[in-house]
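Asks: Take a look at this one; I'll ask things after.
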Amino acid sequence: MAVGGRRRQRAFIGSFTAAGGPGIVTADVDASTGALTVLSSLDGLPDPSYLALSPDGDMLYAVSETAEGAVAAYRVQGDKPEPAGRPVPTGANGPTHLTVHGGHVLTADYGSGSVTAVPVRPDGSLADAPSGVLRHTGSGPHTPRQHGPHAHQVQPDPSGRWTVSVDLGTDSVRVCTLTGGAPVLHRETALRPGSGPRHLAFHPDGSYAYVVNELTPTVTVCRWEAADGTLKPLVETAILPGSPSGDAYPSGIAVSPDGRFVWTATRGEDVLSTFAVEGDGGGLRLIGTVPCGGRWPRAITASGGFLYAANERSGDVSWFAVDPETGLPCRGGSVEVPAASCVVVG
């Protein structure tokens, strides 16, 4: 909805309906404080754990993280997205992430260890079936989490030429092209065995990528060469200032729009870590950690000088103002969303 010729800023929050979540939640965003006000919820799709907006913000896409697996499209209008057709089966188990790229929606299928492409029609709705699937292969030393491939994220690189899929089960990142409606492997980059890479975020200038590792609380800094689609691991940096007191499972990662800071979320420790980006982007220095405002931060999002943390087990989304000098987040408040799993702002 536009106000004074401008689109009102909205946040869309995914949740696990199997754990009591309301489905897809729409919230108003206060541009001056980052505060969220819930406007509506939509519960027609089981476990919409991850969401993505189209580049123009007119469409919202959601995975259904179930054994059957599906992806759904919604028109963004008013205070509640409207379904644009029926959910499309992905033919894959546990799609956990998605992105919009090259006229397709791509899903990362954790259970199947694959990436699925579903064509987007001119009106933003989805085709009736996938147009291609890339199946990962391999395993890692951490049992049982790495008994086979587990694709956890898929996204385009800043140049728009490539897509990358991050696989926790094979300790690797795959660089792919989208050819004839199908994701096609270009190159696979191995990370440290047992690290369990989960998500990746690019530096704004496209020269570096930062991979957050779930099975060890670290970030791997990689050099990215868009010219030939090459990802080269450089250094691995600890996320926490000391040894974790108990469970420590990093989840989300975000980079500031100016490329000066990187933030990560760690479940169990329930903290957000702030890193200063050093040099031309190839170095990270841990500045400090702050509480995430809840329990089990599954994902974080940076937008408009604010950070948002989806805290799954405490059932809320917290927002933080970011200090422009230090990059450290300061909690402003939270809104209740049971079994929250992700936040996208647009």
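Asks: Would you kindly find the accessible area of residue 258, with a 1.4 Å probe and non-protein molecules such as ligands, DNA and RNA excluded, rounding to the nearest 10 Å²?
Replies: Looks like 90 Å² after rounding.
Asks: At 1.4 Å probe radius, can you tell me the per residue accessible area of region 227-346 in Å²?
Replies: Accessible area per residue, region 227-346: 39 Å².
Asks: Can I ask one more? Show me, for region 191-206, the HN-Hα J-couplings you get by feeding each phi into the Karplus relation (A = 6.51, B = -1.76, C = 1.60, θ = phi - 60°), rounded to Hz, glycine and proline as x.
Replies: Couplings: 9, 4, x, x, 6, x, x, 10, 9, 9, 9, 8, 5, x, 7, x Hz.
Asks: A follow-up question, please. Tell me the carbon and sulfur percent of the accessible area for the chain, rounded to whole percent, probe radius 1.4 Å.
Replies: 51 percent
Asks: Whole number please: convex hull volume per residue, Cα atoms of region 143-196, in Å³.
Replies: With only Cα atoms used, region 143-196 gives 78 Å³ per residue.
Asks: Which shape class applies to region 243-346: rounded if a/c is under 1.5, otherwise prolate when a/b exceeds b/c and oblate if not, where a ≥ b ≥ c are the square roots of the Cα gyration tensor eigenvalues?
Replies: oblate
Asks: Using the Cα centre of region 226-288 as the reference point, and only Cβ charges (+1 on K/R, -1 on D/E), how large is the resulting charge dipole? Debye, rounded to the nearest 20.
Replies: Dipole size: approximately 40 debye.
Asks: Taking a point 7 angstrom from the Cα of residue 159 along the C-beta vector, which residues in region 216-244 have backbone N less than 20 Å away?
Replies: 221-234
Asks: Could you tell me whether the chain comes out rounded, prolate or oblate from its Cα gyration tensor? Rule is a ≥ b ≥ c as square roots of the eigenvalues, rounded for a/c under 1.5, then prolate if a/b exceeds b/c, otherwise oblate.
Replies: rounded
Asks: In whole angstrom, note down how far apart the Cα centers of region 230-273 and region 85-151 are.
Replies: 25 Å
Asks: Ok, one more. From the backbone phi of region 119-124, what are the Karplus-calculated ³J(HN,Hα) couplings (6.51 cos²θ - 1.76 cosθ + 1.60, θ = phi - 60°) in whole Hz, Gly and Pro given as x?
Replies: Result, ordered by residue: x, 9, 6, x, 8, x Hz.
Asks: Follow-up question, since we're still on this one. Among 326, 302, 276, flag the residue with its Cα farthest along the positive direction of the charge dipole of region 222-346, charges on Cβ as +1 for Lys/Arg and -1 for Asp/Glu.
Replies: Result: 302.
Asks: Give the residue from 34, 199, 150 lying farthest towards the positive end of the charge dipole for the chain; charges sit on Cβ (+1 for Lys and Arg, -1 for Asp and Glu) and the dipole is referred to the Cα centre.
Replies: Of the options given, the answer is 150.
Asks: Assigning unit charges at the beta carbon (Lys, Arg +1; Asp, Glu -1) and nothing else, what dipole magnitude in debye, to the nearest 20, does the chain show about its Cα centre?
Replies: Taking the Cα centre of the chain as origin, the dipole is about 200 debye.
Asks: Also, quick follow-up: In what order, largest first, do 143, 26, 33 sit by accessible area if the probe radius is 1.4 Å?
Replies: These residues rank, largest area first, as 143, 33, 26.
Asks: Could you please report the charge total around residue 319, scoring K, R as +1 and D, E as -1 over all other residues with beta-carbon less than 15 angstrom from its beta-carbon?
Replies: -3
Asks: Could you work out how much longer the chain between residue 80 and residue 39 gets when fully extended? Use 0.36 nm per residue separation minus the Cα distance between them, nm to one decimal.
Replies: Length difference between fully extended and current span is 14.0 nm.
Asks: For a quick check: with amide H placed at 1.01 Å from N, whose amide H comes under 5 Å from residue 84's, ignoring anything fewer than 5 positions away on the same chain?
Replies: Amide H neighbours of residue 84: 73, 74, 75.
Asks: What is the sum of charges around residue 306, taking Lys and Arg as +1, Asp and Glu as -1, for the other residues whose C-beta is under 15 Å from the C-beta of residue 306? If you can, show how the numbers build up before the last one.
Replies: On the way: positive: 10, 331; negative: 28, 30, 258, 323.
Computed value for this residue: -2.
Asks: Also, quick follow-up: Around residue 195, under 9 Å between beta carbons, what's the net of Lys plus Arg minus Asp minus Glu among the other residues?
Replies: So the surrounding residues net to -2.
Asks: When a/c reaches 1.5 or more, the comparison of a/b and b/c decides; with that in mind, is region 123-241 rounded, prolate or oblate per its Cα gyration tensor?
Replies: Judged from the Cα gyration tensor, region 123-241 comes out oblate (a/c at least 1.5, b/c at or above a/b).
Asks: So, one more: Can you list residues whose amide H is under 5 Å from residue 9's amide H, if they're 5+ apart or on another chain and H is modeled 1.01 Å from N?
Replies: Amide H neighbours of residue 9: 29.
Asks: While we're looking at this one, here's another question. Amide H of residue 59: which non-local residues (sequence gap of 5 or more, or other chain) have their own amide H closer than 5 Å, using H built in the peptide plane?
Replies: Residues meeting the criterion, in which the H sits 1.01 Å from N, are 54, 76.
The values are calculated or read from the model by the stated rules, or taken from the named source; none is laboratory data. Remember, it's a predicted structure, so these values are computed and weren't measured experimentally. Note: ideal-geometry Cβ built from the backbone for every residue, glycine included; neighbour counts use all protein chains shown. Just the protein is used for accessible areas: all its heavy atoms, side chains included, with ligands, DNA and RNA removed. Shrake-Rupley method; radii C 1.70, N 1.55, O 1.52, S 1.80 Å.
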